[in-house]
Structure formats: C-alpha cells, structure tokens
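Asks: Quick one: this structure, given as structure tokens, is what I'll be asking you about.
The values are calculated or read from the model by the stated rules, or taken from the named source; none is laboratory data. The structure displayed is predicted, hence computed values, not measured ones. So basically every Cβ, Gly included, is an ideal-geometry build from the backbone, and we count neighbours across all protein chains shown. For the accessible areas, the whole protein counts, side chains as well, though only heavy atoms, and no ligand, DNA or RNA atoms are used. Shrake-Rupley method; radii C 1.70, N 1.55, O 1.52, S 1.80 Å.
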Amino acid sequence: MASTLFRTIQIHPFLLYPTALFSRRNGVLYCTMKSSQTQTATQEKQQPPKVKVPQHALKKTVDKITRDYEAIIGIETHVQLSTLTKAFCSCPYNYGSQPNTSICPICMGLPGALPVLNSKVIEFAVKLGLALNCKLSLNSKFDRKQYFYPDLPKGYQISQFDIPIATGGYVDLDLPLEFGGGHRKFGITRVHIEEDAGKLLHSGNGDYSQVDLNRAGVPLLEIVSEPDMRTGIEAAEYAAELQRVVRYLGISNGNMQEGSLRCDVNVSIRPVGQSEFGTKVEIKNLNSFSSINRAIDFEISRQALLHSQGQSDQIVQETRLWEEGAQKTVTMRKKEGLSDYRYFPEPDLPEVILTPEYVDSISNSLPELPEAKRRRYEKMGLSMQDVLFLANDMNVAEYFDATLSSGADIKLAANWIMGDIAAYMKNEKLSINDIKLTPQELAELIASIKSGTISGKIGKEILSELLAKGGTVKGLIEEKDLIQIADPVEIGKMIDKVISENPKQLEQYRGGKTKLQGFFAGQVMKLSKGKANPGLLNKILLEKLNGQS
Amino acid sequence: MLSTIQPPRYLSRFPLRGRTKSRSFHILSSAQPVTKTCFAADKSQILSIRDSLLNRHLSAVELTHSYLDRLKQTEPHINCFLHVSDPDKVLKQAQDIDDKIKRNEEVGPLAGVLVAIKDNICTADMPSTGGSYILEGYRPPFDATAVKRLKDLGAIVVGKTNLDEFGMGSTTEASAFKVTANPWDLSRVPGGSSGGSAASVSARQCVVSLGSDTGGSVRQPASFCGVVGLKPTYGRVSRFGLMAYASSLDVIGCFGSSVADTGILLHAISGHDSLDATSSKREVPDFTSQFTYASSLKSRPLEGLRVGLIRETVDAGVDSGVKSAIEGAAAHLEQLGCVLKEVSLPSFSLGLPAYYILASSESSSNLSRYDGVRYGNQASSDELNVLYEESRAKGFGSEVKMRILMGTYALSAGYYDAYYKRAQQVRTIIRKSFKAALDENDILISPAAPSAAYKIGEKKNDPLAMYAGDIMTVNVNLAGLPALVLPCGFVEGGAVGLPVGLQIIGAAFDEFAKHKCLLNGFFERNL
C-alpha cells in the first residue's frame, strides 16, 4: 500500500474526485439499482457461469456422497439502515456519491471529534428486533471493537459486544414450490447495532489503494442466525426473508448489489447421525440470493468430497471467497487463531435504555409483516403460488391489498396482478410503483367486467392504456364509447347487415360449411367495434343463420 | 512562612504594572499587601478588565499590548506556548472590541480577555498538536465547543500552550516539542499535563487559560504554579474538540489568578453540547450573580459549612511543608466559621492503580486513530503494516507508548476481567465512598499534590514516582466530581519559596450552587 494515495487524501480530504474505476462502477450500479425489485432466491435471474466447472459425471457422484452428510449453515447478515444521516454524525449517506463527499470530522475520526447517537438507529433496531420475535435488552450499551485498517478511521468500530439490543428470536418462511415448498422456522441468535467502515478502492495494477470514507459511520444491524439451515436454498430463502422484513419495516432498501444487505455464511458438514459439528468455513462475497444458494451447495460438495476421500483434515477454519465467474469458493485467508478485538464499553456514548412504553409504541406502529401477510392470503383461499407471488414484494402486496379494499374480487384481483399486469411490468421493466393504473381503477375494471358493462376483451384492451397512461375506467369507457351492446334488437340489426352484405358466405354456410359462423361473428363484432356481448351475439347469429334455412 | 512570600522573580523582573492605569487592572506585585482573605468580585481580573474597558479607563488594544509585550519578554525563559497567535490578528480583535465600545455597542462578557488554550484542545485557525510529534503542524477544521463559546463571548485566543503529550504526564516534560519552566523557579517543572496553561497564567502572559484534567492535569500544575485551577464535574463542559486521552475521565478545566476568574471562565464554557453525548443537560446556574464583595462580608462568612479533611491525604508520603500549609488552611477555614472534621476514605489508595489501568486502557483505544493514514506525520512505506508501525513508533513519545502498551495489555482477552473490569469495580467503590463523605460534608479538602514543584528531570526516569504524585487528584476524576485548587501557602524552595495548593472537592454539579466557598473565593490568598 503506497503512501502516495494516503497523502492525496490527507492533503485534500474533501476534494478527492472519483477515479475512472469508480465512475465505471457507477455505471454498473445504476443498472443494478433499476432491477432492485424484490425477488425470491428462485425468481432471481440466473447468471450463467462464464466458466463451466462441475462436469455432469462428477456432479452425480458428488450428489451421492453429499447424501451421507448433513450440512450445518449459519448466516451473519449486515443490514445497512436507511436513516437520513449516519449513526453518529449528521452526514447524509447516498450510495454511489463521489468519494469522500459525505464526510465530517466525526466520521473521519479527527482528533477531538465525538460520536452522538442518531436515535433513529435505535428505533430501527427495535423494529427489527420485534419483527424477528426477539427479546429486547432494555439496558444495552455500545462497545469498541479495536483493529487497525485504513478504512476504519478511529482504529475501532463502535459496535455492541456482550449486550446486543435484541436476542433469541426466529424467522418464519415458506420455501418456493419449485423447491418442494414447506414452512421453515430459523432461529435468530442476536441483533446488534454497529457502524460501517469506509471502502478501499484498489488501483488496477495493485500499486496503491484509495480510501473512501463516505460509508464510514453508516448504521448497520448485524443479524446472527442460529445454525439452523441445512441447504443452500434454505439459506438463500432465509436471506430473502430478511430482505422482505427490512423492506416491509422500511428500515433498509435491502439491496444486495449496493451492499445494503450483506451475508457471510458459515458452513460445516458432519456425517448423518453424528452430533458434534464439523469444522466451519466462512464464505464471503455473496452478492445475490442465488450466489448464496450456489456457493453453499458448492461448499457442501467440496467438504463432502474431502470427507469421503478421507481428507477431512483438509477442511480448515478459514474464510473462503465465492467466485461468481468460476462458480466456486477459494481460500481468502486462513484463521490464525482468534483475533483479539479488545472490546470494552464505549465511554463516549451513554447506555441505551429502552422504556417499555417506547417499545410498546414501536410495537404498535409495526406494519403487517411478510409472514402475517402470507398467512392472511392463505386464509383468503389463495394458492401458495399466489401467496408467495403477492407477498414477496411489499409493493405488490400493498397494491393487492389496496385493490381488495376497493372491493375487488380476491381471485380476480390476484389473477390480473399476476397475469397481465406482471407481464406488462416485465416487458416495460417497471416496478408496480411505476405503473399508472391505480388499485382503485383496477378494482373498477374488475367490477365493470363482472357487471357486464364491458367485455373481458375490452377490459384487457383498456388495461394497457390504463397501465401506460392512467386515467379512469369510467372515463375511458365513455371517451371511447366502449359500453357493451347487450340489446338483442341492436345486435340483430347488425347481424342482418352482415348477413345481407355476405350472400356468398351465407350460401356456403347453408351448404354445410358451418365453420363460417366464426367469420360472421367476427364481422359483427367488428361492426360493433368489439362492444357486442359475445354470448348474445352468437345466440342471435345462430338463430338467424339457421332460422331461414 | 507567610513572611517569606515575595513575588516570583519573573514578575519583578518584568513588571507589567507601569503600563496600566488605576486600580482597575490588577496585575499584582509586591506592592500589594498580603492578606489572608480576599473576595471573589474584588479579585477578578476579568471583572476589572470589563470595568476598565466599559469605563474607558483602558482600551482593549492597550491591554492586549501589555500582555503581548510581557509574553514576548517572558516566553523565552518559560516556554509556555507551542504556538503564539499572530500579534496583528490579536490586536485586530482587540481593536474591534474598542471600536464596538466606542460605538456603544454591546460587547461580550469576556471582551478583551486574553485566553491561552492547551494544545490538546482544537482551534480552527491555529495548530493543535496535543504536544505530539504525530500531530506536528496539524490544523483542525473546527473549534472545540469550549473555545467556540469563549470566542463567542469576546475572548481573544493568545496561543496554544505546552503539555505532556496528549495529557499523559505530570511535568510537561513529556511534550514532544519543549520543556516548560515553572515561573516561580525556572529549574523546576510547572506540573502537568497542563503545565503551559498554568505557567502562562502564573507568569501573567494571559488572563486565564483552558487546560484539561484527566487525573489531576489542571489541579496539580495549578498547585505547582501558584494559580487557581478548577476541574469541573464530568459532563459539565463539552469535551467536543478535546483530544481524547481517557474519555470517561477527561474534562476541560480552567486556570485563573483568582477563584472568580476560573468561575467566570467555567460559566462561559459550561452546558450541554449536542456534539458531546456525555455532556450534561443540567442547567448552568448564573453563578456571577452570587458574587460577594468584601464590603458585604460578615465576620464568619462560612458559618456552619461542613468541611471534611481527607485523612489519607495528609498521611505519610506527603511533604511536611505541604502538610502544614494544608493544616494552616484548615485552621483558617475554621476561623471563617466552617465546621472542620477529618474523614476517612479507605478506598483512597486504590484510586491510583485503578486510574492507571482505566486511563491507559481508554488511551490505548483513543490513540488508535493516530495511524498516519489520514492526517499527521506519516512514515513513508510501501507496506501497510510498516506504515502503521513506523508512523506510530516515530510519532509517539515513550510515555505515550508505555501507556498504550499497558492499556492494550489490560484489555487483552484473558486479562480484561483481572484488570479493566476490576478497576471499574474499584471506581464504583470510590464513587460511593466520596458520595457518602459528601453527604456528611459540604466540601472535602486535601492537598493538590504531595509536594511542591520539583526539579526538571528529577522524576523523568522514575515513572512510578511521578505516577505516585497523582494520588491526591485521580480519585476525584474516578468519582467525576468538581474540584478547585487554590494557593494556600508556600514551602521553602527556589528563590522565593514554592506555592502549595489546597484542593477543595464538592458534590457533583455543585460548582456553582451550594458551596459558595468553592467558587466565591472566601478563601484566597494573594500570591
């Protein structure tokens, strides 16, 4: 690490402008932000590996071996809180801003600067603690975790050590049906508050690194799970559920690509039936739910293979990195004994005392959480497929709930949202918040079709207009004169007109080519501009075509 | 003993008095009679400066000139300052005050008061090094809250004073830059760590000064230099901008040549600060309205005040001269009407080891930020760990390194319970025993240090002897209490004798309220 870089920062702490490296990163990030919709692990776009590693034959044998072992998986998740300002100073934090533009003497660790806690951080921590069914510590405190690194300005991280703000909770989730479905409950060991460090930007040739302290001091909640998961998909779904919970709570954007939700996974395996744990390996650099899933499955296979070959001593306590390109984990660093962080209580911050009244008030303000929503949708009679689709994304769920509260039929509303609306969103790469159709109008549309005011076909047609341009169903029906024609006399007149204009086809029909009924029906529909009631039309048409024979 | 009192040689060699007019500007000399009891308002230089300025007896520029001249004359001999403000800028500020007065505009209560700031307190427009080579030339982008408040009230910062590196030491010899001398005897230390701030007030280079007190760093140098030193209750004054040594013990304190001046200074810097989560939200009572003048004094003004002399502080290990000065002071307090009794604090001797464990532990953490990465002196290296090691090896002095090592050890896994945790338990015991003693007594008294100022170099290579000198003061920091040190006598030494300070300890946040004695200066002697 050359001194030149640090010099730059020292001399112009507020004027460091982005390197080419960073702007390129910005470009990438911009794209990823666009596609930041909630997805379950399985819905996530599968990024095809650039290098194909596991050959099929090998995979089969590994699968066989894997069956003899049980994997034990625990996850440490860091959630970056979306507070307006950092945890201990009044700097705002915006992902992707120019390096070192959101810094102050406090988050830079200048001599004499002191931290003052942002009370929103406590509020968010309490919200998450309650949402994860934890026991809250009414008296907690902050501690200093000490180590040297250039991205850590004070030489210590303000964290919580022996008294985390929340402990002993659990999270409920439903596995996707593609993976066999099923309900799971995973334990939460603890939730604690800490501050984020800055970021090191390494130069392309490795000559120097630059320090960006924008992220230093941003509040994080670290969530430690119990070692309750057994497969990659369970772990990925656990992380996806945490993402849903933090988004439902509005405490984080939960975006993995931006690093707002970071998962470090611990994996060990043991022969089925054995009670003591094997040596655990930590995996980092997991930037999506599918990489969590695949990294764990890879790691389980790797360890199982070593076990089966009598080389279990090669499984050592280490940190491994998931390589997305190669689809494998590689050694990052071996642990050389336990590092001593010399924790001690942070003397600059008073203890955190929660009153029962405060906890109650937060508890009462919690929104309906994903698990409750899923159970409610299930009780409404929706299939698990529908339940998961609608409840996975908080915005979709809100949209669905709003449509229902405008009086729409449950199943019809679900079908419209999951069908035409979802397809439109996918084509246009929009989120449900971007579409112009309001839930109230969707309910109106459904009602109009149900009441026969417009035909289903016309309903679909005006839907795209409503989605793109907005407006009201009533307005559109009036403006375009789309009300269904259900008057038999009027329909009869149109039929007569079509029949008289097509004597040749009539002759062929009466000669036995009864398929031509479709032709007549089409012509009449065209004449009515699609407004004729299809049932009535066919009934009268049939009478007229056959009646004169 | 009192008959031997003369002004320090320095003061007679560089008399200031000729430059000032009238009685309103008290820079004392041998011409002034030595009285046993003086009174706050009469002795306050800040009040007399204000009086002189507002009555047009003296201009701020004249006043500033006189101080700057004296500073220029005396500084080469005493070495109080690591940085002296640009005289033109200082005079410009004085001129602005004069202009305002001329225009009959309101000026702040500290208008024209020249104040020196300990160099571990951040000042935006001048270097702040903490006395450490690692921060040589470092200029903070902000003023410490205490400094800002002083400036807002019209005070003029005259410079940054020398100290033991980051406040770690009791002699000011541990400064990376220079050794400050005691104005009473140039071969002696001024005490520390706020030696520069104490000596600058003692040598009349400024009116008042700010120091910091983690284990006695205001009170011991006040005692050594014969000035008044005030350590406020922990939390009374914002620490924002004070380079942290031991965060749970550090307080910014005040030096002045009278009790009233330190009180006015304290009042100016006290109160909650949204930038320091440990600063108290308690209201700061207007102490200046409680000033008493000599003319309004009763014969026994402290009638009924319960005073406890801490027995353990006058036991063995305390110089006999110091002991008799304290006993003389106690007798005098009785004459003023106090009810004197001895109190025992059995945990007193535990304070020193507990203090050195806690202070070292916190300092090992607080000084981690000085890594050469973002600011300060940086060693040149291509490798990160070497950069850290070299920057810190070259940047820190040996006393600082020793405390970092001790603190790192005490916080290490396996030792935490035996050292840090145990020291915290001791701290709780000490706090409780002081609480109990202060429930029964309005104030507690003790010497400020076991001896008067010693020779430069005398204890430099004997850290344990130096640490032992902190026995009188560290307990007060552990208990978070306010304490005042004021001159109460002399012992033989130097050319003219060496001052001895009396420490008066009050209950938490009682600096202003209950114990008039603490801040009203019923008990002051001219030096």
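Asks: Give the accessible surface of the protein assembly as shown per residue, rounded to a whole number of Å², with probe radius 1.4 Å and ligands, DNA and RNA excluded.
Replies: 40
Asks: Moving to a separate point now. With each run of n ≥ 4 DSSP H residues scored as -39500 (n - 2.57), what mean residue ellipticity at 222 nm is computed for chain A after dividing by its residue count and rounding to the nearest 500 deg cm²/dmol?
Replies: Working: 19 runs with 222 residues, N = 549.
Calculated at 222 nm, the ellipticity per residue is -12500 deg cm²/dmol.
Asks: Right, next: Please give the calculated 222 nm ellipticity per residue for chain B, where each DSSP H segment of at least 4 residues contributes -39500 (n - 2.57) and the sum is spread over every residue; nearest 500 deg cm²/dmol?
Replies: So the helix-based figure for chain B works out to -10500 deg cm²/dmol.
Asks: Go through the range A:252-340 and name the trypsin sites (Lys or Arg not before Pro) that are in a DSSP coil and have 15 or fewer other Cβ atoms within 10 Å of their Cβ.
Replies: Qualifying residues, ordered by number: A:K335.
Asks: Here's something else I'd like to know. By a straight-distance test (C-alpha under 16 Å), which aspartates and glutamates pair with A:K504 as possible cross-link partners, with residues fewer than eight away in the same chain excluded?
Replies: A:D496
Asks: Could you give the size of the charge dipole of the protein assembly as shown about its Cα centre, using +1 on the Cβ of each K and R and -1 on the Cβ of each D and E, expressed in debye and rounded to the nearest 20?
Replies: Result for the protein assembly as shown is approximately 1160 debye, rounded to the nearest 20.
Asks: Where does the charge balance sit around B:K160 when Lys and Arg score +1, Asp and Glu -1, over other residues with C-beta under 15 Å from its C-beta?
Replies: Residues near B:K160 contribute -3 overall.
Asks: Another question, then. Accessible surface of A:I188 in the full protein assembly, 1.4 angstrom probe, to the nearest 10 Å²?
Replies: Using a 1.4 Å probe on the heavy atoms, I get roughly 0 Å².
Asks: Same structure again: To the nearest 100 Å², how much accessible surface do chains A and B cover up together, summed over both, with a 1.4 Å probe? Numbers along the way, then the final one.
Replies: Values: alone 27010 and 19550 Å², together 43170 Å².
About 3400 Å² of accessible surface is lost on pairing.
Asks: Over what distance in Å are the Cα centres of the range B:459-473 and the range B:376-426 separated?
Replies: 21
Asks: Averaged across A:342-355, how many Cβ atoms of other chains sit within 10 Å of each residue's Cβ atom?
Replies: 5
Asks: Okay, next question. Roughly what would the spin-label model give for B:K341 and A:R375, points 7 Å off Cα along C-beta, in nm?
Replies: Reported label-point gap for B:K341 and A:R375 is 6.5 nm.
Asks: Rounded, prolate or oblate, given the Cα gyration tensor of the range B:181-268, with a/c below 1.5 counting as rounded?
Replies: It is oblate, given that a/c is not under 1.5 and a/b is not larger than b/c.
Asks: Right, here's the next one. I'd like the residues of the range A:146-175 whose 1.4 Å-probe accessible area shrinks by no less than 30 Å² going from the isolated chain to the full set of protein chains.
Replies: A:Q146, A:F148, A:P150, A:P153, A:K154, A:Y156
Asks: If you don't mind, another one. What's the extension gain from A:Y149 to A:E490 if we count 0.36 nm per residue and subtract their Cα-Cα distance? All intermediate terms of the calculation are to be shown ahead of the outcome.
Replies: Details: separation 341, 0.36 × 341 = 122.76 nm, distance 8.30 nm.
Working it through step by step, the gained length comes to 114.5 nm.
Asks: A 31 angstrom limit on the alpha carbon distance is what I want to check against. Which of A:K280/B:K394; A:K154/B:K92; A:K64/A:K334; A:K185/A:K328; B:K231/B:K460; B:K89/B:K401 exceed it?
Replies: The answer is A:K280/B:K394; A:K154/B:K92; B:K89/B:K401.
Asks: Using 0.36 nm per residue, how much length does the chain from B:N104 to B:A316 gain when fully extended, once their Cα-Cα distance is taken away?
Replies: 70.4 nm
Asks: Report, by chain and number, residues whose modeled amide H sits under 5 Å from the one on A:E70, excluding near sequence neighbours (fewer than 5 apart, same chain).
Replies: Excluding prolines and chain starts, which carry no amide H, the hits are A:R270, A:V272.
Asks: Let me ask you something else. Express in whole angstrom the spacing between the alpha-carbon centres of the range A:348-381 and the range B:65-128.
Replies: Going from one Cα centre to the other spans 57 Å.
Asks: Output the peptides B:361-374, A:515-528 sorted from most to least packed, where packing is the average of other Cβ atoms within 10 Å over each peptide's residues.
Replies: Packing proxy ranking, top to bottom: B:361-374, A:515-528.
Asks: From the backbone phi of the range B:489-496, what are the Karplus-calculated ³J(HN,Hα) couplings (6.51 cos²θ - 1.76 cosθ + 1.60, θ = phi - 60°) in whole Hz, Gly and Pro given as x?
Replies: Couplings: x, 9, 10, 4, x, x, 7, 10 Hz.
Asks: Considering every residue in A:111-123, what mean count of other chain Cβ atoms within 10 Å of its Cβ is obtained?
Replies: Details: counts 21, 17, 10, 14, 3, 8, 1, 0, 0, 0, 0, 0, 0.
Mean number of neighbouring Cβ atoms from other chains: 6.
Asks: Next up: Which percent of the accessible area of the range A:368-480 is formed by carbon and sulfur heavy atoms (probe 1.4 angstrom)?
Replies: Carbon and sulfur together cover 53 percent of it.
Asks: Once amide H atoms are built 1.01 Å from N in the peptide plane, which residues 5 or more positions from B:D143, or in another chain, come under 5 Å H to H?
Replies: B:A124
Asks: Let a ≥ b ≥ c be the square roots of the eigenvalues of the Cα gyration tensor of the protein assembly as shown; is it rounded (a/c under 1.5), or, if not, prolate (a/b larger than b/c) or oblate?
Replies: Because a/c hits 1.5 or more and a/b exceeds b/c, the protein assembly as shown counts as prolate.
Asks: Under the Karplus relation 6.51 cos²θ - 1.76 cosθ + 1.60, θ = phi - 60°, what is the ordered set of whole-Hz ³J(HN,Hα) values for the range A:512-519, x standing for Gly and Pro?
Replies: In residue order, the calculated couplings are x, 8, 5, 4, 5, 4, x, 4 Hz.
Asks: Explain nothing, just compute: Karplus ³J(HN,Hα) = 6.51 cos²θ - 1.76 cosθ + 1.60, θ = phi - 60°, for every residue of the range B:424-439 in order, whole Hz, x for Gly and Pro.
Replies: Along the range B:424-439, the couplings run 5, 5, 4, 4, 4, 4, 4, 4, 5, 5, 5, 4, 4, 5, 7, 6 Hz.
Asks: Tell me whether the range B:132-222 comes out rounded, prolate or oblate; compute the Cα gyration tensor, take square roots of the eigenvalues as a ≥ b ≥ c, and use a/c under 1.5 as the rounded threshold. Intermediate results must be reported in sequence, preceding the final value.
Replies: Details: a/c = 1.79, a/b = 1.28, b/c = 1.40.
Oblate is the answer for the range B:132-222, as a/c is 1.5 or above yet b/c matches or exceeds a/b.
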